[in-house]
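Nothing in this text is a laboratory measurement; each read-out follows from the coordinates by a stated rule. Not measured: the values here are computed from a predicted model. In this analysis, Cβ positions are derived from the backbone assuming ideal geometry, glycine residues included, and neighbour counts consider all displayed protein chains.
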Amino acid sequence: MAGGGTGHRGHGRKGERPALGSREASTRSLRFRFLLDLQPSTTMPYLPIRGAQLYYEDTGGPGEPIVFSHGLLWNSNLYAQQIAALKDRYRCIAYDHRGQGRSLAPPGKGIELRTVYEDAVALIQALGLAPCHFVGLSMGGFVGLRVAARHPELLRSLILMDTSADAESLWNLSRYRLLTAATHWLGLRPVVDRIMSIYFGPDFLKDPSRAAEREGLRRQLASNPRAVWRAMQGVITRRSVIDELEHIHTPTLILVGEDDVVTTPARAEQLHARIFGSRLVRLPHVGHMSNLEQPEQVNAALHRFLADISARERSPARALRTGSLLEAWQG
């Protein structure tokens, strides 16, 4: 369904390059890429997995595959700026979790995180992507941690952004249950301003030059259907995987915004301490949505990390000596 040399795009046509102009105009175009119309069409690529239809986009190409797993209430277009920066060198695959974005889920109650993790495993296997680089932000990071701990053979590297291995704290759980209930009955529109204040750091929220961007993000969040409460329920009731972190031997990069109040820097420090050989990058003046708030910083960190992985994999002498990518990664 996704051949190595064929790229799939969400509207049945090749991705359009922005018109020639200023760098600012190009950057603005990328920032609003994920605000495009999300209505399904018959030309969109879907992967049937255990009763669900997972929407995905695949840039194609011969490069090493990178799978992008988005955060709660967003969709695969969340990574538009990262994919634009990486697609010339890597094959980039971004997908929507079941019950979010353009992916379809069978009716029922909450969508457990275990199900979403199993979907990711099935997608990697079905598209023949292993071993792949895996990028996950927040909820996507919850998924990535489980894949790395339980199916290490599927991953070449793991990139975690603004995420945690813990179950939801009791303090957050009570607040998030109220948000989930409100979404169930009323939709996200009445609570979207509250969600914006949780997701984004104060610098981004107060920057007058990004007012139009904030409004676009606000509209995107508000456009979620009421049924997204099912995904919210699964995320806030997830189990801790702290005890599984010792099983992660995949080269790992951890990024966190210094102003993240959802998965705080302390949670990132915990991941760094428990995942052997991991790297930690703290981003100043950034909240929970680091790849949207400071895409240039995030892209630079991804480029450095992925280049280091490739360089060490190309060292046959070291590989023969160690027999382990993780040991080579450690240097």
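What's the extension gain from A227 to A307 if we count 0.36 nm per residue and subtract their Cα-Cα distance?
Full-extension gain reported as 24.8 nm.
Less than 15 Å Cβ to Cβ from L104, Lys/Arg counted +1 and Asp/Glu -1: what total charge do the surrounding residues give?
+2
Quick one: if the Förster radius is 22 Å, what FRET efficiency do D193 and L173 give, using the C-beta to C-beta distance and rounding to 0.05? Could the numbers behind the result be given before it?
Numbers: r = 21 Å, r/R0 = 0.96.
It comes to 0.55.
Gain in length, A181 to E269, computed as 0.36 nm per residue apart minus the alpha-carbon separation, to one decimal in nm?
Taking 0.36 nm per residue and subtracting the Cα distance, the gain is 28.5 nm.
What is the gain in length, in nm to one decimal, between E153 and R239 on full extension, counting 0.36 nm per residue of separation less the C-alpha to C-alpha distance?
Values: separation 86, 0.36 × 86 = 30.96 nm, distance 2.30 nm.
Contour length minus the Cα-Cα distance gives 28.7 nm.
Mind listing the long-range amide H neighbours of Y55? Cut-off is under 5 Å, sequence gap 5 or more, other chains count too, H placed in the peptide plane at 1.01 Å from N.
Counting only residues 5 or more places away or on other chains, the set is L47, D96, S103, L104.
Return the long-range amide H neighbours of L253 (sequence gap of 5 or more, or a different chain), with a cut-off of under 5 Å between placed amide H atoms.
When sequence neighbours closer than 5 places are left aside, the close amide H contacts are L158, I159, L160, R279.
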